[in-house]
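Taking it in order: structure first as structure tokens, then the write-up.
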Amino acid sequence: MAAVTLLIYHCFIFSWYVFLTYLLFTVTSKEPPVGVFLYGGQWKYLTVLNVVLQTIFYAVCFVSDLLMPVKGIRLAKCIIFCRDLFFSVLAFPASTHTAVFPLAVLEILNSPHRYPEKKNGLTFLGICSVTYLSWIMWIYFVDGKWVYPFLGLLSPLGFVVFLLGSQALAALIYITGDTLNYVIWGGEEERKKNI
């Protein structure tokens, strides 16, 4: 995709996510819907965190597009590195199974991303996943209610299997994104030429 077109695309998507984030945090009701508890606010839901995460990601994309013509500047290289790390480890994996997934696929189709070594990427993804799962468990211990009620239906063994399964699924999604990026944009040397 041409640099100007990509800049416009990222600006548009970033604006859309800013609008969604604004709606998420400004729309209020006098009474919370039945079954919604207050501890953790909206920050307990992965959907809300994902919208904020995607907003930050597309902001970084927009800034990296603006700085792309000045590749020699250290700041530009740092922002491009952050963009690629953010996409590979957080934005793409978090987008799967949600309405934002088509935009994540479009991002892979439109822009090459340099994925970190699998060990490093999977470690960072694991840390982020464990952090969110820890947040969900903390809310349960403090409030006595599960953010996702199906978790309360699981036996202790089922809960452990769920935690391990969610980690394995996140790793599979990361590897899928890396593979898709590789298939579309070629090997490491080719990706370096395109970035």
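Each residue of the range 159-171 was assigned a 3J(HN,Hα) from its phi angle through the Karplus curve 6.51 cos²θ - 1.76 cosθ + 1.60 (θ = phi - 60°); the sequence is 5, 5, 4, 4, 4, 5, x, 5, 5, 5, 5, 4, 5 Hz, with glycine and proline shown as x. The peptide list 22-28, 168-174, 57-63, put in order of mean Cβ contacts within 10 Å with the highest first, becomes 57-63, 168-174, 22-28. Annotation: per residue accessible area for the chain equals 58 Å², rounded to a whole number [probe 1.4 Å, protein chains only]. Three principal axis extents describe the C-alpha atoms of the chain; from largest down they are 53, 40, 28 Å. With respect to the chain, whose longest principal axis is taken over its alpha-carbon atoms, helix 3-26 is tilted by about 20°. Ignoring ligands, DNA and RNA, what percent of the accessible area of the chain is carbon or sulfur (1.4 Å)? Carbon plus sulfur share of accessible area: 74 percent. Under the convention that each Lys and Arg Cβ holds +1 and each Asp and Glu Cβ holds -1, the size of the dipole of the chain around its Cα centre is about 300 debye.
For the range 37-79, the set of trypsin sites (Lys or Arg not before Pro) satisfying both a DSSP loop assignment and a count of at most 16 other C-beta atoms within 10 Å is given as Lys71.
The values are calculated or read from the model by the stated rules, or taken from the named source; none is laboratory data. As the structure is a computational prediction, the values presented were derived from the model and not from experiment. Cβ atoms come from the backbone with ideal geometry, glycine included; neighbour counts cover every protein chain shown. Just so you know, the surface numbers come from the protein's heavy atoms only, side chains and all, with ligands and any DNA or RNA stripped out. Shrake-Rupley method; radii C 1.70, N 1.55, O 1.52, S 1.80 Å.
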